[in-house]
Structures are given as C-alpha cells and as structure tokens.
Amino acid sequence: MDEDFLKLSNMFSAIRSVARVPALDPKFKIAVLASKQDHCLVDLLYGWQEGRLPVDITCVIRYYINRSSLSFESYSSSVFENSDFSVYQLYGSNHHRGPNNNVMHFLERNGIPYHYLHTTEENKREREILELVLNTDFLVLARYMQVLSGQFLRTYGKDVINIHHGLLPSFKGGNPCKQAFDAGVKLIGATSHFVTEELDSGPIIEQMVERVSHRDNLQSFVQKSENLEKQCLAKALRWYCELRVLPYEENRT
C-alpha cells in the first residue's frame, strides 16, 4: 500500500498529504501559550502523554503581568507556591490560582522547556515569544489571556488556534462565569477558532454547548465551563492534526 501511494504522489507531483497516518507521518511541532488558568494546558499535556495528539510540544510559555520592569526568564522547575483559598467563592474561575507545581514537574520530567514571561502592559514580550516558537508548525493558545498583535501574527505567519468560553459577547470583562451565573443563564459553551487580527473573529473550528440549571452552584457552573473548553480545544487540535479542518472563503471552515 505504501508503494502504491508513493507512485500516486510521484505521478501527480504531490507535495502535501490530504490525510495523515499518525504512525507514519511526522508529528506537528507546536508551542503552547497559557496563563494562570491551567485546565486546558493540563488536559492538552495529558492527551499528548496518552498519544491522542500527534504533536511534539517544543515548549510551554506562560506569562505573569507585572507593572514593574522585569526581565524575561525561563524556568525548568517551580519556584512558586500554590494558593489554597477558595477561588470559586472569590472569582468564579481559576484565573487567580498560583502556578501549578505539578505542571512544572511534569514538563521537567518529560524534557519540555518551560518559559515564564514577566510582562508589562507596555511590553508583552512578543519578540521573545517569536524566537521561542520559530521552528513550530502552529501555536496553541490554551486560555492565553494576552491579545497577540497583528505584527506578531504576520511575523509568525502560521496558524494559531485559540479556545475561549462561549459567554461572549453578553458577559465581557472580568469574571464572566460569575456574571453569567448571577444572570441565571441556562446554556454555556466554548469555541475553538483560528486567531486573526480581529479579536475572537477568526474562522471557527469547533463549538460545544451544555445546559446548566438552578441546581448548579458557582463551582459546578465553572467546572462545566472549563470542561467544555478542554473538550472543544482537544477536538479542534485532533481534527487539525488529521488535516480535517479545511478553511474556505474568509471566515469559514
């Protein structure tokens, strides 16, 4: 069979496969960008470890907003402590948790470089990020809360895949889950899409929804939202790696 496909590719001068065979084709090289919210990052790493994602993770990049001028640094192990207060009671999300020590130990154990960027509002360290992701095939924003500039996207020149909750545009700003919970919404969702210069307007790859009810408290509400984000991102990445995502027109797949 391999010889037959090789003959066909030579006959038509094919330079790109329209299907992928995970056991034979080279894996995509990706970099993962994340913030303090680590549920999507953890799920992605687990999928990679289990062999469900045909990718090689070249590095994980996370950022910390600091209003003072701090330099770019890389860490191979944790120097931070986890927070132990009830983030669901205070914020309705996991955004304010400390960095996950288990994630850092996992990356170190598997030889995946981990870069922790100290950023300011004036400098998002995009030049350093571009240097780190130079040899990747595409980028994954696993709940990366910084907006990538048009200059960054044009310079990188490859696909960037994002995931975000489906509470927009009704619940903007901080703590959208708590806003939605307080408003008594009955349907929540998640969207995975390609990143373009127009914020959250790139071609949609996958969307998922789930019902919530008066039986949910804030914690279960947030957990359902985060589970949707994990599942939606994993499905989008798997389809993309299998070349099943075909962009057409300007904003469709």
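The values are calculated or read from the model by the stated rules, or taken from the named source; none is laboratory data. As the structure is a prediction and not an experimental result, all values here were calculated from the model. Cβ: placed from backbone, ideal geometry, glycine included. Neighbour counts: every protein chain shown. SASA here: full protein model, heavy atoms, side chains in, ligands and nucleic acids out. Shrake-Rupley method; radii C 1.70, N 1.55, O 1.52, S 1.80 Å.
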Practice problem: Give, as a single signed number, the net charge of other residues whose beta carbon lies under 11 Å from the beta carbon of VAL42, with Lys and Arg counted +1 and Asp and Glu -1. | Solution: -1
Quiz item: Residue-wise, which Karplus ³J(HN,Hα) couplings in Hz belong to region 123-128, taking 6.51 cos²θ - 1.76 cosθ + 1.60, θ = phi - 60°, and x for glycine or proline?
Solution: 9, 8, 6, 5, 5, 5
Quiz item: Using a cut-off of 25 Å between alpha-carbon atoms, which lysines can reach LYS186, once sequence neighbours fewer than 8 places away in the same chain are excluded?
Solution: LYS172, LYS178, LYS224, LYS230, LYS235
Self-check item: Counted charge near ILE161, where neighbours are those whose Cβ lies closer than 15 Å (Asp, Glu -1; Lys, Arg +1)
Solution: 0
Practice problem: Would you give the gap between the C-alpha center of region 154-230 and the C-alpha center of region 97-137, rounded to a whole Å? | Solution: 23 Å
Practice problem: Please list the non-local residues whose amide H lies under 5 Å from the amide H of THR253, H modeled 1.01 Å from N, same-chain partners needing a gap of 5 or more. | Solution: ILE204, TYR248
Self-check item: Solvent exposure ordering (accessible area, 1.4 Å, most first) of ASP159, ASP216
Solution: ASP159, ASP216
Practice problem: Taking the Cα centre of region 214-253 as origin, work out the dipole magnitude from +1 charges on Lys and Arg Cβ and -1 charges on Asp and Glu Cβ, in debye rounded to 20. | Solution: 180 debye
Practice problem: Note down, for region 154-225, the three equivalent ellipsoid semi-axes (square root of 5 times each alpha carbon gyration tensor eigenvalue), biggest first, whole angstrom. | Solution: 28, 12, 9
Quiz item: Using modelled amide H (1.01 Å from N, peptide plane; none on Pro or chain starts), what sits under 5 Å from the amide H of HIS118, excluding residues fewer than 5 places away?
Solution: TYR64, GLU73
Self-check item: Phi to ³J(HN,Hα) by Karplus 6.51 cos²θ - 1.76 cosθ + 1.60 over region 25-40, Hz, x for Gly, Pro
Solution: 6, x, 6, 5, 9, 10, 10, 10, 10, 9, 10, 5, 5, 10, 5, 6
Practice problem: Lys and Arg at +1, Asp and Glu at -1: add these up for the other residues within a Cβ distance under 15 Å of ASP182 and post the number. | Solution: +2
